Amino acid sequence: MQGFAGLMWLLSMALIVFSGFALIDAAVRREDAYRAADKKTKPFWLIILGLAFVVNLLFPILSFLPIIGLIATIVYMVDVRPAIRALPGGGRSQRGSSSDGPYGPWNGGR
């Protein structure tokens, strides 16, 4: 019985890490990338993935709610994340130098 409890604990930790990674990934993507990829909005995915993360923290793995959270996390990771990453810039905010021009950095004629 201890082996089964250990396996369930390990599986629960894996779900927490998986949903936490998806939540952080959704948080670092730009808002307009979600609209450009024709997916739901960034706040929608942050709420869904945040709820999935909290549910995985609070409920045991064999209950119904963590399974729903796992499905939502899988949908984000398999459908939304690749669509956003396929956009130019990968959907992440890019901060360049103030001297960057439209064709790359301006080097002052060097």
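Which residues, counting only those in region 64-78, are under 18 Å from LYS39 (Cβ atoms) and without any contact (Cβ under 8 Å) to a residue 40 or more places away in the chain?
ILE71, ALA72, ILE74, VAL75, VAL78
Give the number of residues within region 1-34 that are closer than 30 Å to ALA83 by Cβ and in a helix (DSSP H, G or I).
Count: 22.
One residue is enough: does region 47-58 have a residue meeting the conditions over 30 Å from GLY6 (Cβ atoms) and loosely packed, with under 15 Cβ neighbours inside 10 Å?
The answer is yes; a qualifying residue exists.
Just to confirm my filter: which helices (runs of 4 or more DSSP H) fall fully inside region 35-110 and include at least 1 residues that are over 20 Å from the mean Cα position of the chain (by Cα) and at pLDDT below 90?
The qualifying helices (runs of 4 or more DSSP H) are 64-75.
Filter region 11-43 down to residues that are hydrophobic (A, V, I, L, M, F, W, C) and open to solvent by 80 Å² or more (accessible area, probe 1.4 Å), then give me how many there are.
4
What number of residues within region 20-34 satisfy the criterion of being modelled with pLDDT of 95 or more and among the hydroxyl-bearing types (Ser, Thr, Tyr)?
Qualifying residue count for the region: 0.
The values are calculated or read from the model by the stated rules, or taken from the named source; none is laboratory data. Values in this document were obtained by computation on a predicted structure and should not be read as measured data. Glycine also receives a Cβ, built like all others from the backbone with ideal geometry; neighbour counts cover every protein chain displayed. Ligands, DNA and RNA are stripped out before the accessible areas are found, and what is left, the full protein with its side chains, is counted by its heavy atoms. Shrake-Rupley method; radii C 1.70, N 1.55, O 1.52, S 1.80 Å.
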